[in-house]
C-alpha cells in the first residue's frame with residue numbers, strides 16, 4: 001500500500017526532469033538565435049561602415065576617374081595649357097610664360113584669313129602686350145603668310161580649311177585645355193580695337209561681377225549692327241539691358257531675357273572660365289555657324305543672366321562687317337562667286353538655327369530632372 005505514492009513521486013520527478021531539459025534546450029536555442037542575430041547586426045554594421053568607407057574612397061576616386069586610374073595620383077595632370085615650350089634653355093620658359101598682369105590670364109582666339117592680316121596684327125598686339133595668349137584658327141589654310149609678323153611665333157596657329165570659329169573652339173578649346181585662363185575671348189576677325197584695352201576691360205568685367213560680356217559697338221563707325229543692345233551707351237560703363245518700345249521688341253524693366261537683357265551677340269563674346277566650361281558643352285559638333293547659341297548663353301552665366309551678362313561701354317570696338325568664309329577678298333576678281341557662296345552659307349546658317357532650336361526644345365522636354373531657371 002506504500003508503493004503507489006513512490007511511483008507517483010518517481011513519475012513526477014521524471015516529468016520535472018523532462019520539462020527542465022526542454023526548457024534548457026529552448027534556452028540554448030534562443031541563445032543561439034540571439035547570437036546569430038547579434039552576429040548579423042555586427043556584420044550589417046561592419047558592412048555599412050565598409051560601404052561608407054568605400055563610398056568615400058569611390059568619391060575620391062571618381063573625382064580623378066578620367067582614364068588615369070592606373071597612375072599614381074601625384075603624377076596626374078588633369079589640365080593643359082597653351083604655353084609654347086622652348087626646345088632648349090628651359091629657364092626661359094618661366095620668363096616667357098610669366099604674365100606681367102598677375103591678376104588675370106586671358107586667351108584671344110579668332111578664326112582668321114590672310115586678307116585680314118593687317119587688322120589681326122593690331123588686335124593681337126593689344127593682347128600680347130599684356131602677355132595674354134593669342135590663338136589663330138586659319139580657315140584659309142595660309143599660315144606661312146603670317147611669318148612676316150614679329151609676334152607670329154608667339155601665337156598658336158591651327159589650320160583647318162573653311163571652318164568657323166565655333167568649329168575650332170569645340171575641338172581645340174576644351175575646358176580642361178584652357179583651364180589656366182581666367183577669360184576666353186572668342187572673337188571675329190573684323191573688329192576694330194583702336195579704343196579698346198583688354199586689361200581695363202577685364203578689370204571692369206570682374207568689378208561688375210560679369211561672367212559673359214562683349215564690348216559695345218561704336219554706332220558712328222560700325223557698319224554692321226544687328227541689335228540695339230550692342231550699341232555703345234556713352235553715359236555708362238556697362239549696360240545689361242536695352243529699352244525698346246517697338247511691338248516687335250517691347251523691351252522694358254519687366255523684360256527677363258534676350259535680346260532685351262541677359263544677352264550678347266556672337267561676334268565678340270568674352271567668357272569667364274566657369275561660363276566657358278558650360279558654353280563648350282552647349283556648342284554642337286555639327287552646327288558650326290553657331291546660330292542660336294547667343295539666345296542660350298545666359299544659361300551658362302553662373303546665376304541670373306540679367307545680372308551676370310552685360311555689354312561693356314567704356315571699352316568699345318568697331319564692327320567692320322567684313323565677310324570672312326565665302327566672302328570676297330581685297331584682290332578677288334570674281335565677286336559673283338563670292339556672293340553665291342555667301343548666299344549658301346546664310347541658308348546653311350538658317351537651317352542650323354532651326355536644328356538648334358529643335359534640339360534644345362527636345363532636350364528640355366525629355367530631361368525630367370532639368371528645370372528651366374528662367375521660366376516665368
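The values are calculated or read from the model by the stated rules, or taken from the named source; none is laboratory data. Quantities reported herein were computed from a predicted structural model and do not represent experimental measurements. Don't worry about glycine lacking a Cβ; one is built from the backbone with ideal geometry, like all the others, and counts go over all protein chains shown.
Data for the structure
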read-out: Scope region 138-192; condition at positive phi and in contact (Cβ under 8 Å) with a residue 40 or more places away in the chain; matching residues; value: 162
read-out: Residue 297, sole failed condition from (1) in contact with a strand residue (DSSP E or B) (Cβ under 7 Å, 6 or more places away or on another chain); (2) assigned to a strand (DSSP E or B); value: (2)
read-out: Failed item in (1) part of a strand (DSSP E or B); (2) under 19 Å from the mean Cα position of the chain (by Cα); (3) touching a residue at least 60 places away in the same chain (Cβ under 8 Å), with residue 135 passing the rest; value: (3)
read-out: Candidate set from region 191-210 (those that are in contact with a helix residue (DSSP H, G or I) (Cβ under 8 Å, 6 or more places away or on another chain) and within 15 Å of residue 126 (Cα to Cα)); member that is surrounded by the fewest Cβ atoms within 10 Å (Cβ to Cβ); value: 194
read-out: Residue in region 263-270 that is under 21 Å from residue 174 (Cα atoms) and part of a strand (DSSP E or B) present; value: yes
read-out: Single condition residue 332 does not satisfy, out of (1) at pLDDT 75 or above; (2) surrounded by fewer than 16 Cβ atoms within 10 Å (Cβ to Cβ); value: (1)
read-out: Entirely in region 145-246, the strands (runs of 3 or more DSSP E) that have 1 or more residues that are closer than 20 Å to residue 292 by Cα; value: 183-187, 212-217
read-out: Verdict on residue 217 being at pLDDT 95 or above, within 18 Å of the chain's Cα centre (by Cα) and crowded, with 17+ Cβ neighbours inside 10 Å; value: no
read-out: Any hit, region 105-114, residues being within 23 Å of residue 217 (Cβ to Cβ), over 21 Å from the mean Cα position of the chain (by Cα), crowded, with 22+ Cβ neighbours inside 10 Å and without any contact (Cβ under 8 Å) to a residue 40 or more places away in the chain; value: no
read-out: Options 247, 252; residue that is touching a strand residue (DSSP E or B) at 6+ places or on another chain (Cβ under 9 Å) and farther than 23 Å from residue 107 by Cα; value: 252
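Residue-wise test of (1) more than 18 Å from the chain's Cα centre (by Cα); (2) modelled with pLDDT under 95; (3) farther than 30 Å from residue 209 by Cβ.
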{"position": "273", "(1), (2), (3)": "no, no, no"}
{"position": "277", "(1), (2), (3)": "no, no, no"}
{"position": "298", "(1), (2), (3)": "no, no, no"}
{"position": "301", "(1), (2), (3)": "no, no, no"}
{"position": "305", "(1), (2), (3)": "no, no, no"}
{"position": "317", "(1), (2), (3)": "yes, no, no"}
{"position": "320", "(1), (2), (3)": "yes, yes, yes"}
{"position": "337", "(1), (2), (3)": "yes, yes, yes"}
{"position": "345", "(1), (2), (3)": "yes, yes, yes"}
